[in-house]
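The next block holds one structure in the form of structure tokens; read it before the comments.
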């Protein structure tokens with residue numbers, strides 16, 4: 001009989017090994033899935049995980065890693081604080097959308113004025129504030145009325161999506177767009193564009209912000225009182241109370257932080273890689289970031305690596321879609337599987353498996 | 001007459017420790033047999049083996065001369081072995097009769113159970129109404145539910161695990177009468193405890209365990225408590241001694257402090273008034289659940305109260321939070337170690353940081369000073385003899401007694417002016433308990449005031465200067481502890497407000 005035995009101390013080995021093992025399991029089961037779809041599993045896996053980095057077109061794909069990875073890192077870093085403290089913001093996708101709408105709206109309001117020193121910083125501020133405000137809704141509802149922030153934040157994603165569609169069709173629609181939905185292209189409006197900082201590198205301001213966020217998160221968690229209180233509140237809420245942590249204040253700070261970073265990610269996306277507010281502007285970064293946060297063990301460096309891996313599956317997925325004709329849903333399935341396996345093998349960190357003979 | 005239960009060479013080893021090593025003893029029919037030992041001596045493992053919860057590695061048991069190797073509690077129960085656990089497994093929302101029915105294989109209809117409960121409770125002098133909701137019962141009454149549940153099975157051997165830890169002296173008296181009656185009728189009782197006076201009063205034989213082995217068997221009626229304690233601990237026990245320090249001015253003063261119950265099962269505090277002077281220990285007795293946790297929370301600052309209710313030296317601190325009170329010299333150690341006084345999944349360094357931040361200056365402008373925190377954790381470990389490889393170890397890897405020493409030491413090394421502690425030696429072995437009590441006495445000798453809340457009356461009588469009792473969220477008037485009789489204490493705990501009788 002297999003039994004699980006609690007370890008006195010969490011295993012250091014498995015803390016690092018579980019993410020790798022779950023990636024491996026995902027590849028194996030994913031491969032079986034692709035085989036069932038009539039593909040050669042080895043070719044499919046190579047296309048998804050290796051081609052973006054090492055194929056003849058990798059000069060095109062490699063910079064894409066920054067573009068896909070930066071919003072994932074920004075959002076996941078924000079989420080990781082809440083997840084450590086036991087505050088479950090599932091609605092980063094909504095905060096991302098609102099951040100993009102606010103940032104774009106500020107930029108478009110100044111069109112065609114030329115004053116980059118004023119407009120772009122204002123847009124950054126507006127994006128951060130928009131994401132923060134959207135996250136404050138579940139925050140205030142929870143601290144005031146005890147609602148569940150998981151449900152409220154998730155449902156607000158759908159509200160945000162409707163708002164996005166109405167903005168793309170209404171107030172923010174391009175007046176010169178012959179009636180097509182979608183706003184003016186911000187990346188062609190120099191005062192508001194989030195441009196590449198180095199030619200051909202895809203390094204835009206969002207990438208810079210993501211790296212800064214990683215460093216700040218690392219310092220906060222390892223050296224600052226705030227990070228200590230976050231960890232304490234997540235592991236032992238009563239002990240946190242005893243240490244003088246105000247739980248409601250911590251909930252609002254965590255939600256506000258994740259909302260702000262998600263809003264920033266949305267703003268950098270809309271003014272750069274996406275360029276405009278459109279009905280289908282959001283592609284699920286807010287949800288994928290949840291996987292990134294857990295895959296990265298809620299640790300800043302881990303998140304950086306996990307975001308790289310996830311960005312890879314996005315890019316590789318697109319290649320597989322066009323070259324092998326794999327359905328797009330298969331890639332989402334692969335990402336979902338990754339989280340599923342991670343949570344499943346995570347049990348090994350705190351438990352060890354022992355074999356026992358059946359009892360009489 | 002052959003023995004009811006013969007245990008022969010029973011051994012049970014766990015990966016890191018041999019819990020029971022070649023244990024042999026007999027329990028006679030109708031005998032009240034004490035099983036005595038410190039925490040970790042192997043008492044629990046042994047009774048779990050008898051009750052079928054643990055399968056021994058080697059060794060044979062015989063019940064009434066028939067081989068007895070229960071694979072699960074159901075088998076043990078049908079063979080006539082019943083057990084009352086230290087922690088009750090009752091559903092608060094159900095009635096007494098419904099709770100009893102839940103434990104049965106084929107429960108008869110409710111009214112029959114209710115009738116049986118009345119019969120048994122009358123016969124053994126255990127007053128209990130089968131229709132009452134368990135959530136409304138006191139700890140003593142809950143224990144009666146468990147006992148009656150066992151008695152309905154008509155057991156030959158009744159195992160009781162630390163039954164008096166939750167009872168008032170009066171309730172203990174009722175329990176002992178019942179147990180004596182059962183024993184006269186031929187039911188053997190295996191009585192687990194570390195309270196020596198109780199065992200001397202009740203039991204006919206005592207088997208003493210130490211380090212998983214039987215070290216002695218004695219007749220507790222003719223053996224002194226001191227002798228038994230030495231057999232249990234294996235060396236002469238250190239009795240806390242107090243330096244006769246001077247009692248100084250009042251440092252902590254509560255005036256008609258009231259606080260609403262924090263939740264549905266909590267206790268509201270009403271009109272609590274007391275003064276504590278520098279250099280004295282105020283002992284607060286009472287059965288758990290009478291407002292102890294709430295009182296500690298209100299004193300520590302986890303719960304704030306309106307202005308004017310708590311005064312620390314010259315300052316009104318009722319509205320201040322935990323860390324503000326810490327800075328002013330009021331420190332506290334709550335009862336629950338895991339998850340309240342300490343975070344189990346964090347290192348001892350981090351746990352030292354938890355409350356040491358304000359007074360030990362372990363942070364600078366919000367940034368943590370890890371080396372200072374590590375040094376502080378090391379100091380605590382060293383000064384209080386905490387057995388652990390080092391400050392990097394998780395709190396959950398420490399045994400209960402060691403973690404308690406760490407938690408108490410962490411506060412004491414911050415040199416409090418007032419120290420509030422709840423259940424300082426709960427679940428702690430005798431030598432660690434003695435060390436903790438000594439530390440509290442040393443603290444008062446240095447001029448600090450201590451408020452010690454405990455359910456262990458012997459402990460309170462040993463260390464307190466004045467004593468009062470918490471009952472239903474109300475506090476009796478403190479009286480001098482010296483010379484208080486057990487009856488007076490019992491009346492105070494029971495909430496009798498004729499304090500004139502209790503005055504010495």
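Coordinate-derived values only; no laboratory data. Everything quoted here is computed from the prediction, not taken from an experiment. Don't worry about glycine lacking a Cβ; one is built from the backbone with ideal geometry, like all the others, and counts go over all protein chains shown.
Things to note:
- Rounded to 5, the percent of DSSP beta bridges in the protein assembly as shown classed as antiparallel: 55
- Cα centroid separation, segment A:70-119 to segment A:207-245: 21 Å.
- For segment B:1-80: Kirkwood Rh in Å [reciprocal of mean 1/r, alpha carbons]: 13.0
- The C-alpha atoms of chain B define a longest principal axis, and helix B:430-445 lies at about 20 degrees to it.
- Eigen-decomposition of the gyration tensor built on the alpha-carbon atoms of segment A:38-326 gives equivalent ellipsoid semi-axes of 30, 25, 18 angstrom, largest listed first.
- Average beta carbon contacts from partner chains per residue of A:242-254, 10 Å cutoff: 4
- For segment A:1-51 versus segment B:85-163, the gap between their alpha-carbon centres in whole angstrom: 52
- Degrees, to the nearest 10: B:400-412 long Cα axis against longest axis of chain B: 20
- Considering segment B:87-165 at the alpha-carbon level, its Rg and Dmax are found to be 11.7, 34 Å.
- Once Rg and the Kirkwood radius are both taken over the C-alpha atoms of segment B:250-502, their ratio Rg/Rh works out to 0.96.
- Cα centroid separation - segment B:258-312 against segment A:248-284, whole Å: 46
- Subtracting the Cα-Cα distance of residue B:184 and residue B:255 from their residue separation scaled by 0.36 nm leaves 20.4 nm.
- Legend: mean number of C-beta atoms from other chains within 10 angstrom of residue C-beta atoms, peptide B:334-346, equals 5.
- Chain B - Debye-derived log10 I(q)/I(0), Cα point model, q = 0.06, 0.12, 0.13, 0.14 Å⁻¹: -0.31, -1.19, -1.34, -1.46
- In segment B:5-233, the inverse of the mean reciprocal separation of distinct Cα atoms equals 18.1 Å; this is its Kirkwood hydrodynamic radius.
- Cα Rg, Dmax (largest Cα-Cα span) when computed across the protein assembly as shown, Å: 33.1, 108
- Against the main long axis of the alpha-carbon atoms of chain A, helix A:149-169 sits at an angle near 30°.
- Label-point separation, residue B:314 to residue B:480 (7 Å along Cα→Cβ), nm: 3.2
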